[in-house]
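Student: Shown below is the structure under consideration.
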Amino acid sequence: MAWGVYKNGNSICKINLEDGTKIRETKDDHWDLEFPESLDLNIGNRCDGGCPFCYINASPDGIDAELLDVPFIDTLHPYTEVAINGNSVDHPQLIPFLKKLRDRKILANITVNQKHFERYEDLLWELYSDELVKGVGISLVNPTNHFIASVQKFPTAVIHTINGILTKEDIEKLSDFGLKILILGYKNLGRGISYNKHYYQKVADNQIWLYDHLAELPSHFKVVSFDNLAIEQLDVRRILSDEEWDSFYLGDEGTASMYVDLVTGKFGVSSLCPESEMRPILPDIKDMFSVVKELAA
């Protein structure tokens, strides 16, 4: 297997270039990185998906951000993981942007809504085959047999779900197909505020069911992963041994990751940051990450 290996502050990071497995090691008792290992990058809010809980209020009249003239991109370290969001698949500058990242050994992952995954499956397969994207994240809408079969064609595909939107029935339909799932925390932002207000009991019931059955999920999926918000909401720590927690948990927000919104031209610790904690994008990623670490402290 091919690995990307680099020094970052007081740590050595190794990332498997085939399946994305990451190993970070340090001789110290804390992490102190110089630049982010991963970057959550919003490249637009133009989307016809119409998700009623969309936290960025995306719409068909939204904006495609500029991608090819962004100075800090040229300062990203090789093997940095860039998670591209924002209905990115039909962004007019997407392919030249992905080629630029590939040429600099930046590892691009792309997240799309299930509707767009099914609409652009051939294009996504081409991007994957040409190694323009390493991973494909698909935001779940309806786990049909056709959808599951399509996902299985992509070795690094991960189905993205949301705590409170994911149902017992969804889990039952997705189970035992060797799939990878990522559970995201529910964000009370954008349309997520009004959705939670109108469907509070439904969201709460789904969250309670998932909390109660969380420990059963790993036996039905190839990989079960979480963002930091879901880790908090579901108290994932309770179902892991100390050894498992120390092995799997990669740190709090701002430890090794950050969020950049190219639509607003700002960055912060994560997409959950209030506007008051977002800062204007700087020319160098190290300077931006220094700010993130201060904000996260």
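The values are calculated or read from the model by the stated rules, or taken from the named source; none is laboratory data. Just so we're clear, the structure is a prediction, and the values are computed from it rather than from any experiment. Positions of Cβ are generated from backbone atoms using ideal geometry, with glycine treated the same way; all protein chains shown enter the neighbour counts.
Student: Of all residues being aliphatic (A, V, I, L, M) and under 20 Å from Ser257 (Cβ atoms) in region 68-97, which is surrounded by the most Cβ atoms within 10 Å (Cβ to Cβ)? Just the residue, please.
Tutor: In this case the residue turns out to be Ile84.
Student: Let me ask something else about it. When you go through (1) outside any loop (DSSP other than H, G, I, E, B); (2) under 26 Å from Leu17 (Cα atoms); (3) modelled with pLDDT under 95; (4) not aromatic (Phe, Trp, Tyr) one by one for Lys115, which number turns out not to apply?
Tutor: Only one criterion in (1) outside any loop (DSSP other than H, G, I, E, B); (2) under 26 Å from Leu17 (Cα atoms); (3) modelled with pLDDT under 95; (4) not aromatic (Phe, Trp, Tyr) is unmet by Lys115, namely (2).
Student: With the checklist (1) in contact with an Asp or Glu (Cβ under 6 Å, 6 or more places away or on another chain); (2) in contact (Cβ under 8 Å) with a residue 40 or more places away in the chain; (3) crowded, with 18+ Cβ neighbours inside 10 Å in hand, flag the one item His220 doesn't pass.
Tutor: Single failed check for His220: (3).
Student: When only residues in region 232-248 that are among the aliphatic types (A, V, I, L, M) and touching a residue at least 12 places away in the same chain (Cβ under 8 Å) count, which is nearest to Leu272 (Cα to Cα)?
Tutor: This residue is Leu234.
Student: Restricting to region 22-41, name every residue that is of a type in the set (A, V, I, L, M) and either buried (at least 21 other Cβ atoms within 10 Å of the Cβ) or assigned to a loop (DSSP other than H, G, I, E, B) (or both). Full working, then the answer.
Tutor: Narrowing region 22-41 to residues of a type in the set (A, V, I, L, M): 23, 33, 39, 41.
Of everything in region 22-41, those that are of a type in the set (A, V, I, L, M) and either buried (at least 21 other Cβ atoms within 10 Å of the Cβ) or assigned to a loop (DSSP other than H, G, I, E, B) (or both) turn out to be Leu33, Leu39, Leu41.
Student: Just for region 1-21: of the residues that are within 25 Å of Ala157 (Cα to Cα) and among the aliphatic types (A, V, I, L, M), which one is modelled with the lowest pLDDT?
Tutor: Met1
Student: Quick one: count up the residues across region 42-63 that are modelled with pLDDT of 85 or more, assigned to a loop (DSSP other than H, G, I, E, B) and among the small types (Gly, Ala, Ser).
Tutor: Total meeting the criteria: 1.
Student: If you check Leu295 against the conditions, is it under 25 Å from Thr161 (Cβ atoms) and either in a helix (DSSP H, G or I) or modelled with pLDDT under 95 (or both)?
Tutor: No, not satisfied.
Student: Same structure, new question: For residues that are of a type in the set (Asp, Glu) and in contact with a helix residue (DSSP H, G or I) (Cβ under 7 Å, 6 or more places away or on another chain), tally how many sit in region 205-253. Working first, answer last.
Tutor: Keep residues of region 205-253 that are of a type in the set (Asp, Glu), which gives 205, 212, 216, 227, 232, 235, 242-244, 246, 252-253.
Checking the rest, the ones that are also in contact with a helix residue (DSSP H, G or I) (Cβ under 7 Å, 6 or more places away or on another chain) come to 252-253.
Of the residues in that region, 2 qualify.
Student: Sticking with this one: Gly137 - would you say it is in contact (Cβ under 8 Å) with a residue 12 or more places away in the chain, part of a loop (DSSP other than H, G, I, E, B) and surrounded by 15 or more Cβ atoms within 10 Å (Cβ to Cβ)?
Tutor: no
Student: Output the number of residues of region 28-38 satisfying the condition of being under 17 Å from Tyr249 (Cα atoms) and either within 16 Å of the chain's Cα centre (by Cα) or modelled with pLDDT of 90 or more (or both). Explain how you work it out, then say what you get.
Tutor: To start, the set of residues in region 28-38 that are under 17 Å from Tyr249 (Cα atoms) comprises 28-33, 36-38.
Then drop every residue that is not either within 16 Å of the chain's Cα centre (by Cα) or modelled with pLDDT of 90 or more (or both), which leaves 28, 32-33, 36-38.
The number of residues fulfilling the criteria is 6.
Student: Does Glu66 meet the test of being assigned to a loop (DSSP other than H, G, I, E, B) and modelled with pLDDT under 90?
Tutor: no
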